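The values are calculated or read from the model by the stated rules, or taken from the named source; none is laboratory data. Not measured: the values here are computed from a predicted model. Here the Cβ positions follow ideal geometry from the backbone for every residue, glycine too, while neighbour counts run over all protein chains shown.
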Amino acid sequence: MNVARFFFLGLFCCSGAVCSAPVDGYYVIELPFVPRAINESGQVLGMSQSRAVLYDNGAQMPLTGASGLDAYDLNDRGEVVGEARSSSGDRHAFVWRQGNLYDLGTLGGSFSHGAAINDRGWVAGTSSLADGSMRAFLHDGTRMINLNTPYSDFDLNDQPIFVGESFGQAINEAGAVAGSATDVLGPFRQAALYEKGVMRDLGVQASMGSEVVALNDRGEALIAVYCCGVLLHDAGRLLPIHPPRPPAGEDNAVGALNNLGQAVVLSSTGPINQGLWIYDDGSYAEILPRAGQIEVEMAGVVIDMNDAGDILAQALIGPQKRPGYVLLSRDPLASPIPEPATYALWVGGLLLLAGHRASGAARRAAQR
């Protein structure tokens, strides 16, 4: 695992937007697996060679008893949700808890997917119905609840029925569920929110579709608008998030949202390089990492962020710009790489020691 400390270098001129002061002292930790989520304790859930793993305090370990689980989210109690093959052979939503897997079932169809879990152990996801159509669900620990869709029509007997499909993506502590939905007329899904017993369309109506990708405990929802950027849904308002660079309307990729209302988004500055921005109550701060012995360029997707500001993201790493994943953390989860001169002496000493101790070299090779 490669670790390097970086400092924010400051902010470019923020014309047309408010900029906040940078915060320095982050660490960059290259993760040797595909991260899926991070909780408030800083534990990172991920997938490594089709196996669910947990990264905690610098150590990576497999989830015991989670064989076959495709993991997607974890809560602060360490419970994990995802999907796995059921006893019938179908893919179902499962919860992993204290070394055991629990099948959450379906809404009458053959498939279900667990996308998010809150600290009460409630799960949001998507399940098929008996007719094969998809519906968002809330599992409250005892049963799976069909959240229906925001759209309705009348059947042949003039009775109201729900039409279209819905998909659950995020959940907060109050049990609100967000994601997307589509009616029978529209080919693209649009951002939707279920709360207080009703699912409603959030009114984005993007030409290429939209969906809620994050929902916090304040009820704010971060919306990916496909083709057009990022919106924050707050108390019924749709607020555009446009980092100062590039200009508004260009390719701003949606990211993550924490319970403090802070959002992290990527904004393209070229075909490869992308800027990483933190949005907080109308102001923007750009993260510009100087990675020391490791070159890191933000690229691709911001995966998750917790209230401490720890961020999971895709990146291009090293001089070869190999694609990978990083944890940007304010805590020194591992020792930072030394200064170049010290680093060179340290590496030289290791090579000399390796030449005299073949057994040590063999052990290192076996660990690769």
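Looking across the range 94-112, the residues that are of a type in the set (Phe, Trp, Tyr) and surrounded by fewer than 20 Cβ atoms within 10 Å (Cβ to Cβ) come down to Tyr102, Phe111. Could you list, in sequence order, the residues of the range 184-202 that are within 12 Å of Ala221 (Cβ to Cβ), of a type in the set (Gly, Ala, Ser) and surrounded by fewer than 21 Cβ atoms within 10 Å (Cβ to Cβ)? Result: no residue meets the conditions.
Among the residues of the range 142-161, is there at least one that is free of Cβ contacts under 8 Å to residues at least 60 places away in the same chain, closer than 27 Å to Pro62 by Cα and buried (at least 21 other Cβ atoms within 10 Å of the Cβ)? No, there is no match, as no residue in the range 142-161 is free of Cβ contacts under 8 Å to residues at least 60 places away in the same chain, closer than 27 Å to Pro62 by Cα and buried (at least 21 other Cβ atoms within 10 Å of the Cβ). Enumerate the pairs (first residue in the range 34-50 and closer than 16 Å to Ser67 by Cβ and in contact (Cβ under 8 Å) with a residue 24 or more places away in the chain; second residue anywhere and among the small types (Gly, Ala, Ser) and surrounded by 17 or more Cβ atoms within 10 Å (Cβ to Cβ)) with beta-carbon separation below 6 Å, excluding pairs fewer than 6 apart on the same chain, so at least 6 apart or on different chains. If the second residue must be among the small types (Gly, Ala, Ser) and surrounded by 17 or more Cβ atoms within 10 Å (Cβ to Cβ), the pairs left are Leu45/Ala37; Leu45/Ala71. When we screen Ala116, Ala130 for residues that are hydrophobic (A, V, I, L, M, F, W, C), in a loop (DSSP other than H, G, I, E, B) and either exposed (fewer than 15 other Cβ atoms within 10 Å of the Cβ) or within 24 Å of the chain's Cα centre (by Cα) (or both), the only hit is Ala130. Residues that are acidic (Asp, Glu), farther than 18 Å from Ala176 by Cα and within 21 Å of the chain's Cα centre (by Cα): does the range 81-102 have at least one? Yes, the range 81-102 contains a residue that is acidic (Asp, Glu), farther than 18 Å from Ala176 by Cα and within 21 Å of the chain's Cα centre (by Cα). The set of residues in the range 228-246 being aliphatic (A, V, I, L, M) and in contact (Cβ under 8 Å) with a residue 12 or more places away in the chain consists of Val230, Leu231, Leu232, Ala235, Leu238, Ile241.
The set of residues in the range 178-196 that are outside any strand (DSSP E or B) and aromatic (Phe, Trp, Tyr) contains only Phe188. Do we have any residue at all in the range 104-121 that's in contact with a Leu (Cβ under 6 Å, 6 or more places away or on another chain) and not small (Gly, Ala, Ser)? Yes: the range 104-121 contains one or more residues that are in contact with a Leu (Cβ under 6 Å, 6 or more places away or on another chain) and not small (Gly, Ala, Ser). Look at the range 299-314: where a residue is more than 12 Å from Gly261 (Cα to Cα) and a partner is among the charged types (D, E, K, R) and in a strand (DSSP E or B), sitting 6+ places away or on another chain with Cβ atoms under 6 Å, you get Leu312/Asp304. Take the conditions (1) part of a loop (DSSP other than H, G, I, E, B); (2) modelled with pLDDT of 85 or more; Met1 misses just one of them, which is (2).
Looking for something β-branched (Val, Ile, Thr), buried (at least 19 other Cβ atoms within 10 Å of the Cβ), touching a residue at least 12 places away in the same chain (Cβ under 8 Å) and in a strand (DSSP E or B) - is there at least one such residue anywhere in the range 216-227? Yes: one or more hits.
Among residues of the range 52-71 that are of a type in the set (Val, Ile, Thr), those with a beta-carbon under 9 Å from a residue that is modelled with pLDDT of 95 or more and buried (at least 20 other Cβ atoms within 10 Å of the Cβ) at least six positions away or on a different chain give the pairs Val53/Val44; Val53/Leu45; Val53/Gly46; Val53/Ala71. When you scan the range 175-189, how many residues do you find that are at pLDDT 95 or above and over 16 Å from Phe162 (Cα atoms)? Result for the range 175-189: 5.
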